[in-house]
Amino acid sequence: MKVSDVLLSKSDRLVCAPADAPLSRLLAIMVEARVGSIIITRPRSTTATLGIVTERSIIEEAAKKGPHIFSQSAHSLVRAPIPRCCADDSVSHAMFLMTSLRTRHLLVATGDDVLGLVSIGDLVKFRIRDTELENAVLRDLAAARILNA
């Protein structure tokens with residue numbers, strides 16, 4: 001199982017916002033798009049990636065500094081560079097990277113080409129589906145052996 005397989009099973013749309021967008025706007029975008037992170041781009045650009053802002057980073061900042069942070073720009077919370085993996089990486093390796101980097105999202109890229117973003121939820125869902133398929137195949141093999149015995 002490769003990360004590219006996970007990308008095929010989800011939307012290829014990246015949710016982006018400019019670095020000068022207020023954090024309150026980022027939260028609204030996250031709720032509307034039902035995502036937990038936003039790729040931050042240079043103002044007036046949709047391709048020049050600066051980093052990532054996650055719901056967790058916004059909540060942590062609000063807990064430390066209070067509700068006035070919602071008027072701050074996204075640039076104030078950008079994590080850069082964005083943790084990344086390659087499309088050819090195994091799902092297990094991507095999960096290892098997330099654990100070791102203590103992140104819930106990985107940018108999937110090949111060189112400078114951004115292919116998508118995967119979350120820990122995407123990877124876990126894919127692993128569960130793969131494990132269920134493997135179990136079903138093993139049950140069928142066991143049943144066939146019993147019938148042939």
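Brief remarks on what is shown
- Note on the stretch 103-132: among residues that are part of a loop (DSSP other than H, G, I, E, B) and in contact (Cβ under 8 Å) with a residue 12 or more places away in the chain, the one that is farthest from K10 (Cα to Cα) is T103.
- Entry remark, the stretch 7-45: residues being of a type in the set (D, E, K, R) and not in a loop (DSSP other than H, G, I, E, B) number 2 in total.
- Matching residues in the stretch 1-24 - criterion: being surrounded by 14 or more Cβ atoms within 10 Å (Cβ to Cβ) and either under 27 Å from M95 (Cα atoms) or without any contact (Cβ under 8 Å) to a residue 24 or more places away in the chain (or both): M1, K2, V3, S4, V6, L7, K10, L14, V15, C16, A17
- Residue list for the stretch 50-102, restricted to those being in a strand (DSSP E or B) and out of contact with any helix residue (DSSP H, G or I) (no Cβ under 6 Å at 6 or more places or on another chain): L50, G51, I52, T54, S73, R79, R84, S90
- Hey, I52 buried (at least 17 other Cβ atoms within 10 Å of the Cβ) and either touching a Pro at 6+ places or on another chain (Cβ under 7 Å) or among the β-branched types (V, I, T) (or both) or not: yes
- Condition met for A87 (closer than 17 Å to D5 by Cβ, modelled with pLDDT under 90 and buried (at least 16 other Cβ atoms within 10 Å of the Cβ)): no
The values are calculated or read from the model by the stated rules, or taken from the named source; none is laboratory data. Note that this is a predicted model, so its numbers are computed, not measured. Neighbour counts are summed over all protein chains in view; Cβ atoms, including those assigned to glycine, are modelled from backbone coordinates with ideal geometry.
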